[in-house]
Amino acid sequence: MENFSFVNPVKIIFGKDTIQSLSKEIPAGSKVLITYGGGSIKRNGVYDQVVKALADFEWNEFSGIEANPHYETCMKAVQLIKEKNINYVLAVGGGSVIDATKFIVAAACFDGDDPWDILSKQATIKDALPFGTVLTISATGSEMNGGAVITKAETHDKLSFGSSKTYPKFSILDPEVTYSLPMKQVSNGVVDAFVHVVEQYVTYPVNAMIQDKFAEAILVTLITEGPKALETPENYDIRANLMWASTWALNGWIGCGVPEDWATHGIGHELTALYGLDHAQTLAIVLPGVLTVLKEQKAEKIIQFGEMVFGIYNNMSKEERINETINAVVNFFEEMQVKTRLSDYGLGQEAVNAVSNRIKERGWKLGEKENITADTVRQILTLRL
Ligand code: NZQ
Ligand code: ZN
């Protein structure tokens, strides 16, 4: 196991009817800004619950945060915060609203020239406003980490940042609020969480048993409960297991002391930025290609993954076990109704060229060994045409 230090300061409040407890989490006298997306919270009753819980607070709201949130939108919220002297933000939504809020609270306190530097130059975040979250979709893990991904619409750049200053103070996870999700978003959430675990688990062995066993537990939970959620949408236990699994997939714990990959995400973000695919759709396309092209480097962990998560062992050569495992991943994504090829989304060679050129321009070397160059990306995506 590699050396590590670990802290996760986010208070989790989990379960039915927990939204009302947010009034105890926000310091009395705070001037609150509620941030949210396109309006799903108004249709499913979450907005009403939040407003009721904020009865004793002075509050304003900022809506219209889009999926794959835009820098330009976030900066409008920053302006509102300054105008209204807001000192606490409450994000009500999914990864997009929470990520946007992380950027907003950091940009509101940024003392440099241009807040976009937080993303493009990884400028240090010295301070940020405090914020809490009410999670409405289980997927990204943003509710329990300090990272965020923001897109500059003007240039189609989708970039990430992370800071110890942008962890939520608390996150409220009520699985019942996810009943109103369209099935496509349930599928996306399961695939995203699955790939988060794979990015931290399918690299090379460092004998980190606790991290590996946790990773396997999360993956088994996702492949068991994910398809059930599609069949039986309003089942509390299924939604609760999925919600908690997604949070644990990216709260830092399974990444302690192990190598991490993140190439699938790096490549996937370019596909979203250029062609508007959902985040999880890009991951379902890219991951099988990464595992195939990197199969020698990742051989030991792919075999472990196949055995511990999909039950693939016995009577097969190592090569067969690796191929079977990659097939099992593709089949799982398809079972979750997320398509796995560029052509499924109307994309072809032009996308392969555009994404690999972008990786070249950025000078990125991705993956746990930093050996995935623009040429490797071309190979990976060519396999996914
Ligand atoms: O905008 P509204 O109307 O609220 O609708 C949303 C949105 O259209 C809808 N939705 C959310 N909760 C709902 C609901 N509809 C009905 N009922 C509910 N309870 O779902 C749609 C998708 O929401 P979004 O927040 O975009 O989904 P998700 O949580 O998957 O977030 C995706 C974003 O997170 C980033 C992605 O890149 C993408 O921008 N990620 C953030 C990470 C992090 N901070 O750690 C890691 C991830 O790898 C990921 O990159
Ligand atoms: Zn993701």
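The values are calculated or read from the model by the stated rules, or taken from the named source; none is laboratory data. Note that the structure is a prediction, hence the values are computed from the model and not measured. Glycine gets a Cβ as well: all are built from the backbone with ideal geometry, and neighbour counts include every protein chain shown. Just so you know, the surface numbers come from the protein's heavy atoms only, side chains and all, with ligands and any DNA or RNA stripped out. Shrake-Rupley method; radii C 1.70, N 1.55, O 1.52, S 1.80 Å.
Kindly evaluate residue 121 against the criterion of being basic (Lys, Arg) and surrounded by fewer than 17 Cβ atoms within 10 Å (Cβ to Cβ).
Values: basic (Lys, Arg): yes; surrounded by fewer than 17 Cβ atoms within 10 Å (Cβ to Cβ): yes.
It is true that residue 121 is basic (Lys, Arg) and surrounded by fewer than 17 Cβ atoms within 10 Å (Cβ to Cβ).
Residues in the stretch 125-137 that are open to solvent by 20 Å² or more (accessible area, probe 1.4 Å) and within 8 Å of ligand 1 (Cβ to nearest atom): 137 alone. Please go through the stretch 138-149 and give me each residue that is more than 8 Å from ligand 1 (Cβ to nearest atom) and of a type in the set (A, V, I, L, M, F, W, C), ordered by number. Hit for the stretch 138-149 is 144, nothing else. Could you give every pair whose Cβ atoms fall below 6 Å, whose first residue belongs to the stretch 254-281 and is without any contact (Cβ under 8 Å) to a residue 60 or more places away in the chain, and whose second residue is more than 12 Å from ligand 2 (Cβ to nearest atom), counting only separations of at least 6 or pairs across chains? That search, which allows pairs on different chains as well, returns 254/211; 254/214; 254/215.
Being farther than 22 Å from residue 100 by Cα and open to solvent by 60 Å² or more (accessible area, probe 1.4 Å) is a condition met by no residue of the stretch 155-172.
Scanning the stretch 138-161 for residues that are polar (S, T, N, Q), within 30 Å of residue 233 (Cα to Cα) and either part of a loop (DSSP other than H, G, I, E, B) or more than 11 Å from ligand 2 (Cβ to nearest atom) (or both) gives 138, 140, 145.
Scanning the stretch 224-250 for residues that are surrounded by fewer than 20 Cβ atoms within 10 Å (Cβ to Cβ) and either within 12 Å of ligand 1 (Cβ to nearest atom) or under 30 Å from residue 359 (Cβ atoms) (or both) yields one hit, 233.
Got a number for residues in the stretch 295-332 being hydrophobic (A, V, I, L, M, F, W, C) and closer than 19 Å to residue 368 by Cα?
Of the residues in the stretch 295-332, the ones hydrophobic (A, V, I, L, M, F, W, C) are 299, 302-303, 305, 308-310, 312, 316, 322, 326, 328-330, 332.
Imposing the further condition that a residue be closer than 19 Å to residue 368 by Cα reduces the set to 299, 302-303, 305, 322, 326.
Adding up the residues that qualify gives 6.
Counting the residues of the stretch 162-213 that are within 9 Å of ligand 1 (Cβ to nearest atom), more than 14 Å from residue 229 (Cβ to Cβ) and outside any helix (DSSP H, G or I) gives 1. For the stretch 43-66, check the following and say yes or no: at least one residue is among the basic types (Lys, Arg), at pLDDT 95 or above, touching a strand residue (DSSP E or B) at 6+ places or on another chain (Cβ under 8 Å) and open to solvent by 60 Å² or more (accessible area, probe 1.4 Å). Among the residues of the stretch 43-66, not one is among the basic types (Lys, Arg), at pLDDT 95 or above, touching a strand residue (DSSP E or B) at 6+ places or on another chain (Cβ under 8 Å) and open to solvent by 60 Å² or more (accessible area, probe 1.4 Å), which makes the answer no.
Working only within the stretch 20-54, note down all residues that are of a type in the set (Val, Ile, Thr) and more than 12 Å from ligand 1 (Cβ to nearest atom). Listed by number, the residues that qualify are 26, 32, 34, 50, 51.
Comparison of 296, 334 shows that the only residue that is assigned to a helix (DSSP H, G or I) and not aliphatic (A, V, I, L, M) is 334.
Being of a type in the set (Asp, Glu) and touching a Lys or Arg at 6+ places or on another chain (Cβ under 6 Å) is the filter here, so list the residues in the stretch 23-64 that pass it. Write out each step before concluding.
The initial filter retains those residues of the stretch 23-64 that are of a type in the set (Asp, Glu), namely 25, 48, 56, 58, 61.
Listed by number, the list holds a single entry, 58.
If you check residue 351 against the conditions, is it in a helix (DSSP H, G or I) and surrounded by fewer than 21 Cβ atoms within 10 Å (Cβ to Cβ)?
On the way: in a helix (DSSP H, G or I): yes; surrounded by fewer than 21 Cβ atoms within 10 Å (Cβ to Cβ): no.
No.
Residues that are assigned to a loop (DSSP other than H, G, I, E, B), out of contact with any helix residue (DSSP H, G or I) (no Cβ under 6 Å at 6 or more places or on another chain) and within 16 Å of ligand 2 (Cβ to nearest atom) within the stretch 214-267 comprise just one, 252.
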